[in-house]
Amino acid sequence: MKHDMTKLDSIFDKYPKSQESLIAVLQDIQKEFQYLPCEALEKASEILDVPLSKVFSVSTFYNAFSLTPKGDKVIRICVGTACHIRGAKLLQDQFESLLKIKAGETTKDMKFTIEVVSCVGACAMAPVVAVNDKYHGSVKVSKVKKMIKA
Amino acid sequence: MIHITINGKVVECKDGEMLLSVIRRERIDVPTLCHHEAVEPSGACRLCTVEVTKPEWDGWCDYVTSCLYPAKDGLIVNTHAPKVNELRKSILDMYLARHPKSLKIKQLAADYGVLATSLETVVDGNNCILCTICTRICDHMGFSAISTVGRGHGKEVAPPLDMAPADCVGCLACAKNCPTDYIEYETGNGRLKIWNKEFEMVACTVCGKTTVTKEFAEHLSQQRDIPFEYFEKCDECHRKELSATMGKIANWEREVRS
Ligand code: FES
Ligand code: FES
């Protein structure tokens, strides 16, 4: 996959070229491309003067970073304790069967990615499903179809 | 200098010196898996745990990793208190469950009377205990070719992007210092393979035995000012050469004196 490298350059221009900028830079790259392309990691290592192994270590440590491309819509189903009790599994099954993929996978047309997360910190609204940056509370199985369409 | 008490004996040490270093100096046997003199302590294995207290703590004790605990004047340390032994046992019990194939772990556990784990064994468990000696040493050597990848259950030591690491020179510091011999490498035919990267070895110009990888020799000659030719002779031939020189000097001295 080819990427708009000028976009990368403008991300690097925003921060001081030192190791302290690493996470901020990776966050911006993740936001821009929905994942961290290999070339971007190599470039970050070179420009910020951080060993590639450390860049890789950081990018695999945080759940917010992904090394594989994600769909336009990333559906995060909370399966934390509260959401689990209130039926997160049913929601997961419904999403999985409608989109014909499993959690952690992306549809072929790159439109959807399903992920499961453990507690997004909104237990009072359980079960919670986040679609990109939008959080939906008290989600019912019957609402799943609409969430995919919207 | 300050004074602390270890197992009833008053010993002198530097203020702030890590307890483990004092314990080792006193030749007291405390098991460790993640400690290496050459690198910063990390407190990963928890086996060096000891009991510490002070008279003014009113009988209250703390259990700390001695590799990371700085000595303070008046500290009373017990390296083998009953509770410490219990703690080590339960740690070894967990290691045994997770790394059932490791001989080193088996041996250590047996030393503490743990012959079989009381927990469920991880069937496909490998021998990496994530002590990170390898990554710390690799950083220390200045290569940083490998690091920990992922976290939690899936955490492992690996090169970046799961490819042969560009920064690795094949120095073997990681493999040679791995406490459980987890890191594998192959040698033969004048080559070395580690982390899926292949290296050509330098051969001794006298006897043909291989010494170090070309990359490592180049690195050392450029960064540490050791002439590259030094690596073109193996340890044994270096020694032979040295003893020949010594012989010549001895002969010469004899001649001068006579
Ligand atoms: S368990 Fe789902 S938000 Fe806490
Ligand atoms: S030596 Fe491993 S925790 Fe101290």
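The values are calculated or read from the model by the stated rules, or taken from the named source; none is laboratory data. All figures in this text were calculated on a predicted structure; none of them were measured in a lab. So basically every Cβ, Gly included, is an ideal-geometry build from the backbone, and we count neighbours across all protein chains shown. These area figures cover heavy atoms from the full protein model, side chains too; ligands, DNA and RNA do not enter into them. Shrake-Rupley method; radii C 1.70, N 1.55, O 1.52, S 1.80 Å.
Scanning region A:88-122 for residues that are among the hydroxyl-bearing types (Ser, Thr, Tyr) and open to solvent by less than 30 Å² (accessible area, probe 1.4 Å) yields a total of 2. Residues of region B:1-55 that are of a type in the set (Ser, Thr, Tyr) and in a loop (DSSP other than H, G, I, E, B): B:32, B:42.
Among the residues of region A:48-88, those that are more than 14 Å from chain B (Cβ to nearest Cβ) and either closer than 25 Å to residue A:12 by Cα or basic (Lys, Arg) (or both) comprise A:69, A:70, A:71, A:72, A:73, A:76, A:86.
Can you spot a residue in region B:65-88 that is of a type outside the set (S, T, N, Q), modelled with pLDDT under 95 and within 15 Å of ligand 2 (Cβ to nearest atom)? Checked region B:65-88: no residue is of a type outside the set (S, T, N, Q), modelled with pLDDT under 95 and within 15 Å of ligand 2 (Cβ to nearest atom). The sole residue among A:77, A:85 that is surrounded by fewer than 16 Cβ atoms within 10 Å (Cβ to Cβ) and within 12 Å of ligand 1 (Cβ to nearest atom) is A:85.
Scanning region B:192-204 turns up one or more residues that are within 14 Å of chain A (Cβ to nearest Cβ) and in contact (Cβ under 8 Å) with a residue 40 or more places away in the chain. Highlighted here are the helices (runs of 4 or more DSSP H) found entirely within region B:85-180 that include at least 2 residues which are surrounded by fewer than 20 Cβ atoms within 10 Å (Cβ to Cβ) and more than 14 Å from every other protein chain (Cβ to nearest Cβ): B:103-111, B:173-177. Within region A:91-99, is there a residue that is under 13 Å from the mean Cα position of the chain (by Cα) and free of Cβ contacts under 8 Å to residues at least 24 places away in the same chain? Among the residues of region A:91-99, not one is under 13 Å from the mean Cα position of the chain (by Cα) and free of Cβ contacts under 8 Å to residues at least 24 places away in the same chain, which makes the answer no.
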